[in-house]
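Participant: Okay, here's the structure, questions in a sec.
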Amino acid sequence: MPTRTPEHKTDDEQPRLAVLIDADNAQPSVIEGLLAEVARFGVASVKRIYGDFTSTRLAQWKKALLKHSVSPVQQFGYTSGKNATDSAMIIDAMDLMYTRRFDGFCLVSSDSDFTRLAQRLREEGLIVYGFGERKTPDPFVQACDKFIYTELLRAEADASTAKADTNKGKAAKSRSKAKPPSPPPSTTRKVDVLPLPVELIAQAIDEASDDEGWARLGEVGTYLNKVRPEFDPRLYGHRKLSDLLKAHPKQFTLAERPRPGSSAKDYYVRSRA
């Protein structure tokens, strides 16, 4: 049976992931950030998107699919008001599951109809990464091992694009003595920063701490993801958990300790309360 801790594999044994996208509940603007995020967890061996691509509503997906080699699965709506896309995606997921070729699945949707699918995949010993908007119903979020809000991915993609445009502008300016035109207003999306969940983090530290109250940061992060699959330091304004805790010295203390038998070091954290 496949392992549910693919992050422990070596680079030559990266987890094989199936990425299944519900086009009716995902935006084309998220695809670049989405696939970059998936690459952190493993290799996207299968990339499929489901929807009625004869509809003008999904026309913007075409360019994104060609660029990122995502296979479209055409699904006509059999009856007005009924969504056949969900059924097609669930059937494909089960077929892929029974091939025993995958270590995990990435389900991209904000629809709670995939809650039972996520549960079933986890029952099979597979890891499930969910991707959806902040409006995603909590049952689907909690059914996943890890859930990433796509607003974060869009914001990062926009920031990368803005940086690239800035660099191009500087290069063009250096090649020309003429005064460059004023840059257009920034369209970079910003995600509202949430208040720090001090009690939740303190609970995680307490669960993983030693007799002196110190807990290895990696174990704290693991606990947080278990109890809150949607926990992400980026929701609180920082890319890493260590950076998030460093930014709140009144609540938490961080220290580095050498890892036994290695030159590497680990972060340890303790609540100040």
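Participant: I'm checking my understanding of the structure. Among residues of the range 50-109 that are among the hydrophobic types (A, V, I, L, M, F, W, C), within 19 Å of GLU32 (Cβ to Cβ) and part of a loop (DSSP other than H, G, I, E, B), which one is modelled with the lowest pLDDT?
Facilitator: For the range 50-109, the residue satisfying everything is ALA59.
Participant: Kindly check whether there is at least one residue in the range 35-48 that is under 22 Å from LEU117 (Cβ atoms), assigned to a strand (DSSP E or B), of a type outside the set (Phe, Trp, Tyr) and out of contact with any helix residue (DSSP H, G or I) (no Cβ under 8 Å at 6 or more places or on another chain).
Facilitator: So the first thing to find is which residues in the range 35-48 are under 22 Å from LEU117 (Cβ atoms), and the list is 35, 37-38, 41-48.
Now narrow it down to the ones that are assigned to a strand (DSSP E or B): 43-48.
Filter once more, keeping what is of a type outside the set (Phe, Trp, Tyr): 43-48.
Still in the running and out of contact with any helix residue (DSSP H, G or I) (no Cβ under 8 Å at 6 or more places or on another chain): 43, 45.
Yes, there is a match, as at least one residue in the range 35-48 is under 22 Å from LEU117 (Cβ atoms), assigned to a strand (DSSP E or B), of a type outside the set (Phe, Trp, Tyr) and out of contact with any helix residue (DSSP H, G or I) (no Cβ under 8 Å at 6 or more places or on another chain).
Participant: Out of all the residues in the range 132-139, is one or more assigned to a strand (DSSP E or B) and either at pLDDT below 95 or within 20 Å of the chain's Cα centre (by Cα) (or both)?
Facilitator: Of the residues in the range 132-139, the ones assigned to a strand (DSSP E or B) are 132.
Restricting the remaining residues to those that are either at pLDDT below 95 or within 20 Å of the chain's Cα centre (by Cα) (or both) gives 132.
Checked against the condition, which is being assigned to a strand (DSSP E or B) and either at pLDDT below 95 or within 20 Å of the chain's Cα centre (by Cα) (or both), the range 132-139 yields at least one hit.
Participant: Another question, then. Any chance the range 75-91 includes a residue that's in contact with a Leu (Cβ under 8 Å, 6 or more places away or on another chain), surrounded by 17 or more Cβ atoms within 10 Å (Cβ to Cβ) and without any contact (Cβ under 8 Å) to a residue 60 or more places away in the chain? Full working, then the answer.
Facilitator: Here is the first cut: in the range 75-91, the ones in contact with a Leu (Cβ under 8 Å, 6 or more places away or on another chain) are 89-90.
Subset that is surrounded by 17 or more Cβ atoms within 10 Å (Cβ to Cβ): 89-90.
From the residues that got through so far, the ones that are without any contact (Cβ under 8 Å) to a residue 60 or more places away in the chain too are 90.
Yes, there is a match, as at least one residue in the range 75-91 is in contact with a Leu (Cβ under 8 Å, 6 or more places away or on another chain), surrounded by 17 or more Cβ atoms within 10 Å (Cβ to Cβ) and without any contact (Cβ under 8 Å) to a residue 60 or more places away in the chain.
The values are calculated or read from the model by the stated rules, or taken from the named source; none is laboratory data. None of these values were measured; they are calculated from a predicted model. Glycine gets a Cβ as well: all are built from the backbone with ideal geometry, and neighbour counts include every protein chain shown.
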